[in-house]
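Worksheet for the structure shown next.
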Amino acid sequence: MTEEIIGTSNKVLEVDLSSKTWSIYEVSRQERKLYIGAKGLGLKLLFDRMKPGVDPLGEENMIAVMPGVLMGTNGVCSGRFHAVSKSPLTNIFNTSSCGGPFGMQLKTAGWDGLIIKGRCRTHTILKIDKKGAYFEDGESFWGLDTEAVQEKLLKDKKEAALVIGPAGENGVKFANIASGHRFLGRGGLGAVMGSKNLKGVVVKGGDYKIVPVNKKKFDKWRKRGQKYINQNEMSSYLLRNFGTNANLNLNNSANILPVKNFTSGRHDEAYKISGETIKDVHDTSFSTCKPCAILCGHKGNFKGKKVSVPEFESVSLLGSNLKIFDSNLISGFNEICSKMGMDTISAGGTLAWIMEASEKGIFESDLKFGSPEGIEDFLYDIAYSRGKGAEAALGSRELSRKYGGEDFAIQVKGMEMAAYDPRGAFGHGLGYAVANRGACHLSAYVVALEVFFGLLKPDSVRAKADFVKFFEDLTCGINSLQTCQFTMYSYTLEPLLSKYTPNFILNILMMNMPKLAISLIDFSLYSKIFTSVTGIKMSMWGFRRAGERIHMLERYMNTREGISRKDDTLPARMLEEPNETDKDKKIVPLEKMLSSYYRKRGYDSNGIPLKTKLKKLKIAS
Amino acid sequence: MLPSYYEFYNPVKIISGSKALDNIPYELELLNAKRPLVVTDKGVENAGLMKVFLDSFKNSGIEIGGIYSDVPPDSSNSVVKAIAKIYREKECDSIIAVGGGSPIDTAKGVNILVTENSNDLMEFEGADRLKKPLKPFIVVPTTAGTGSEATLVAVIYNEEKNVKMEFISGYLLPNLAVIDPRMTETMPPKITAATGMDALTHAVEAFTCLQKNPISDAYAFSAIKIISHNILNAVKNGKDQKARLNMANAATMAGIAFSNSMVGAVHALGHSAGAVAKVPHGVAMSVFLPHGLEYNLEKIKDSLGELLLALSGPEIFAATPKEKRALKFIEDLRRLQKQLFDEASLPMTLKDAGVTEDMLGTIATKAINDGALMMNPEEMSHEDAMKVLKKAF
Amino acid sequence: MSSIKSYKPGRKWFKTIVCKVVMVILGRAFQVFSRHDHEIKNEIAAWPEGFTLELNVLPFGPRLLILKEDGKIRTVGEIDEKPELSVNFKNIESAFLILTPLMGVPRGFAEHRFIVIGDVAKAMAFTRCLNRILAYLYPDFLCRNLMRRIPEINFMKRMSKRLYFYTIGIVTGS
């Protein structure tokens, strides 16, 4: 008989690998209200536990794996959880989201979070159930790829795992953590787990049923969310049919697709790897996070095998950015990255740097743009840190520091840039520069407004700071709730006011009166859902404030690690050279937007959060 | 029913029957030609057909300017250029193509180059780009399937640009098609079955697709009748001269029919399966024909029903109620397919034909971009194509 | 005694003007719907940058030229080089039939009313686009004559885009 948890269990399991002990931390109602859950709560817990300057691969670093308040409630698109840790790639805090099955099982084992501390002396598997944690010898699993190890580890349907592949074991700085066929992708969390000698975490769940405090209200909001998603073209048509790859054609026609290490924004062959073509050619079917209403994840038939369709970022960074336009090849690279446990964006960005550097003669390698030869072997070399691969495993920032060519290392704060060229979407460029974890496209994702919906003028600096800030706050909230970030399109655009106002009026309003426009955006569904699950009263504005608090906390934690204005920048290529296919020769006017953004955020001119602001947000007293 | 407008064109003189080959020298003189260049492929040579062909020139006084027997299975630009060079060097004045689709298309390409005195086929790509009659051109078909001897199209692969060039012009039609049973009697059963089904598909699609007209209908109808009576005999007993001659005639008639009324979805799918998975054209036609007809069924019920008379004979036609005739046609077609599978192991599914499941998407993508779909009675989207392909798999 | 006179044929001005007007509207519609309809967008995505397409009535025109530039479709007046894809109506009567629209593209092609020069695959893509554009422009009873199957477009979407095109799109072209 399954027991019920009303709202949240508020129990976080703290495991110390060094001493092989565990304890339970009880999350207070105040913490829940201020930091919601998942990303926010994870950051807060690490903020309380870690002092600045910790070595990301040392014993003192911790990983917090946090399902949000929605996980387990069967809420719309609630199958996602977060992990927070200090990243070896960027040396600052990193948060990463994943749609694998681990979150659900952890939550239904009665845990609202898991904090992993310390380091094992030998290779270990951590097992968790509703009673606590157990440590098992992991020697026989060490060296296995992410697929094989999960197959060997998981015996029961109620079990789910977090595992690393060879890349994580060998300390590749952009190694990731896998759960099922999905990944805690960015920022090298796999290397952190590897440094702790932890090959995998297995959790057995299904012991508790998560019941919202106000079931009736929750069902109502759930249905509304479902309705909005099904009405919205982006979520119910583009993402559902073509996955994230629906972006590829959009980016290509807007000249913001990375081609040849971001030297061009467009290529005539790009349509061959678009979501639309992949759907047709590879006969795709759904394979999504659970539960999900958008259904953006797909499997397809590649070279006779049913494998996950590479996401848009993987397709462009491992494809167009290397001038490769063959979906079978890209799927092959993607599969290697998946099995080895590496982030495809960083791997692709690093490969592109290597190709350009060897073209320019500053790095010796046989890899060439447009030629698939040697890429597969090189990816393995990276994962096993062999030969040149060992250097590539450090990421493009370290490579360019060593060999020169920093101007074409397309990274911010050490994290390689995702597949939207900011020279054709200035707001998105600001988003990259100020995102907490590095060149992260999901932090604000203003490109959706600028290019996909045409609501903001992409090549103008107007109103960009306002919208970057607003969406950063909102996504922090969403990622703490946690629900899928793609619900953002439908939950904000489908409410009556934004749905029935003609686009050109929205456009004028947003460009000229951003404050007013933002105040009219209705995203109350998120806060309503939060309240119905937890019973904690929260308004739409309270929700946004919580998001702002979470963003600010992460910024504050990072500034303690040495981040300041000098790091909030873009690669020289984005600031100085226009891309080759751009007739208007645009470059990103970052400085103009940055100061305005700092003011709105409450940072000083050097990008450090103001004391008063921290106090106001109840981050520091 | 008459279409509101149609065109029909077929100036090809056909000579058919026993010892037809031996009339070629006389016909060449009528065409005012004395030194023909012969274009053929290895298959024809290895089957010993060249000997039969050349023997027919004995005692004729005609000198053959040159014989090119290395045409690859896919006619290509470079081969066309090479042959044109030989034609000029040997001072030939006419062309004879001996073989199946590939030598015939190649010879058509050569004819364009030598007549226009050019070295670049690209100049003439597309519809109606030729403005004057070409050199005397004779075709001796050896496959009884493609019907290329009666078509005004040539498809030639351009290696440099990696594209297929299509040439469409009334001038590409040969002056003479020579049907001699000796030229097809060495064909092995499987190929006989495949080419026979190819011809059947031409005729059925010509009769059911959008450009159908009364004259092409007449050719198509007769072709189907002849094929249904003879295909099994020709497969079972290759030496049956009568069956061979009948099949070769039917193929030419089907060629005339579809040259004037075009083909549809079955061909679109077949071309694509050939391009992606190297399925031989005849095999692909045989596999797709029933599925393609089933897909179009709603739109072609009446015309397909009429064809039951040709395929299954008057007794069955009369015994089947009008609205069930189209379905009965498909049923009987499947039976024929099964018999050919038993007799000659002609594949019935794509899987047997060597297609793997991951190719289907690519085949469908190519198929919906194939020009043949334009004349298909029913619209076909990628999704529809996938459904048909999965059924045929 | 018979008199021998030469005959210099005149022009069919009315039909020429009608064809020109329809071509302008079609061009506008292609430009507008290529920005609003995902399927059309997807077809166009496969065309290379700088791709040109013409609809032309032999021998004197009128003519419609369409260009893909900056990832978008737009109509243009004149270009220097030969268009990559040409749809040539054999005479003004044929063009009138198809453009007005009394006859669909498949029927027109079956009746040899026009010839296509260029890549057939792109021509097929263009007819798929045209089907959708016509479905937006005309009501069902007209569309039924023009195409083999009316594309499935959500009724509300079809109506609202039609309204949008005839009021705003046709003027602004975007």
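The values are calculated or read from the model by the stated rules, or taken from the named source; none is laboratory data. Just so we're clear, the structure is a prediction, and the values are computed from it rather than from any experiment. When we count neighbours, we look across all protein chains shown, and the Cβ atoms used for this are built from the backbone with ideal geometry, even at glycine. Heads up: the accessible areas ignore ligands, DNA and RNA and are worked out on the full protein's heavy atoms, side chains in. Shrake-Rupley method; radii C 1.70, N 1.55, O 1.52, S 1.80 Å.
Data table
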item: Choice from B:Thr151, B:Thr252, B:Thr186 with maximal GNM fluctuation in chain B (Cα, 10 Å cutoff); result: B:Thr186
item: The range B:164-196-the range B:13-73 distance, computed between alpha-carbon centres (Å); result: 14
item: Dmax and Rg, reported as Rg then Dmax, of the range A:363-470 (C-alpha, Å); result: 16.9, 48
item: log₁₀ of I(q)/I(0) at q = 0.10 Å⁻¹ - the range A:3-211, Debye sum with one point per alpha carbon; result: -0.35
item: Quotient of Cα Rg and 2.2 N^0.38 Å for the range B:13-182, N being how many residues it contains; result: 0.95
item: Fraction of accessible area attributable to carbon and sulfur, the range C:13-169 (%, probe 1.4 Å); result: 61
item: Rounded accessible area per residue of the range A:114-212, 1.4 Å, Å²; result: 34
item: For the range B:294-347: Kirkwood Rh in Å [reciprocal of mean 1/r, alpha carbons]; result: 11.6
item: Threshold 20 Å², the range A:259-304 residues less accessible with all protein chains present than alone (1.4 Å probe); result: A:Arg266, A:Asp268, A:Tyr271, A:Glu276, A:Asp280, A:Val281, A:Asp283, A:Asn301
item: For the range A:105-126 and the range A:43-62, distance of Cα centres in Å; result: 16
item: Rg(Cα) / (2.2 N^0.38 Å) computed for the range C:17-174, rounded to two decimals; result: 0.97
item: Where B meets C: accessible area buried, both sides, 1.4 Å probe, Å²; result: 2100
item: Share of carbon and sulfur in the accessible heavy-atom surface of chain A [1.4 Å probe, %]; result: 51
item: Dipole magnitude of the protein assembly as shown, debye to nearest 20 (Cβ charges: Lys/Arg +1, Asp/Glu -1, about Cα centre); result: 5000
item: At least 40 Å² accessible surface lost relative to isolated chain, residues of the range B:197-219 (1.4 Å probe); result: B:Leu210, B:Gln211
item: Over the range A:137-235: Kirkwood hydrodynamic radius from C-alpha pairwise inverse distances, Å; result: 15.8
item: √(5λ) per eigenvalue of the Cα gyration tensor, the range B:187-392, largest first, Å; result: 24, 21, 15
item: Heavy-atom accessible area per residue - chain B, 1.4 Å, Å²; result: 39
item: Accessible carbon and sulfur surface of the range B:43-98 relative to its total accessible area, %, 1.4 Å; result: 48
item: Per residue value of the accessible surface for the range C:65-174 (all protein chains in place, 1.4 Å probe), Å²; result: 46
item: The range B:253-347 - Rg and Dmax from Cα coordinates, angstrom; result: 14.2, 42
item: Choice from B:Ile363, B:Ile83, B:Ile215 with maximal GNM fluctuation in chain B (Cα, 10 Å cutoff); result: B:Ile215
item: Between the range C:11-31 and the range B:242-302, the alpha-carbon center distance in angstrom; result: 39
item: Area hidden from solvent between C and A (accessible, protein heavy atoms only, 1.4 Å, total, Å²); result: 1100
item: Cα-based equivalent ellipsoid of the protein assembly as shown: semi-axis lengths in Å, sorted from largest, via gyration tensor; result: 64, 33, 29
item: Kirkwood Rh in Å, taken over all unlike Cα pairs in the range A:258-406; result: 15.8
item: Complex-versus-alone comparison for the range B:342-378, residues with a loss of 50 Å² or more in accessible area, probe 1.4 Å; result: B:Asp358, B:Asn369, B:Met374
item: Of B:Asp198, B:Asp128, B:Asp93, the one that fluctuates the most in a GNM where chain B has Cα springs shorter than 10 Å; result: B:Asp128
item: Cα gyration tensor of chain A - equivalent ellipsoid semi-axes, whole Å, descending; result: 32, 30, 24
item: Cα principal axis extents for chain B, largest first, Å; result: 60, 44, 43
item: For the range A:422-616, alpha-carbon Rg over 2.2 N^0.38 Å; result: 1.03
item: Over the range A:1-62, relative contact order from alpha-carbon pairs under 8 Å, at least 6 apart, %; result: 18
item: Buried solvent-accessible surface, both chains (B, A), 1.4 Å probe, Å² to nearest 100; result: 600
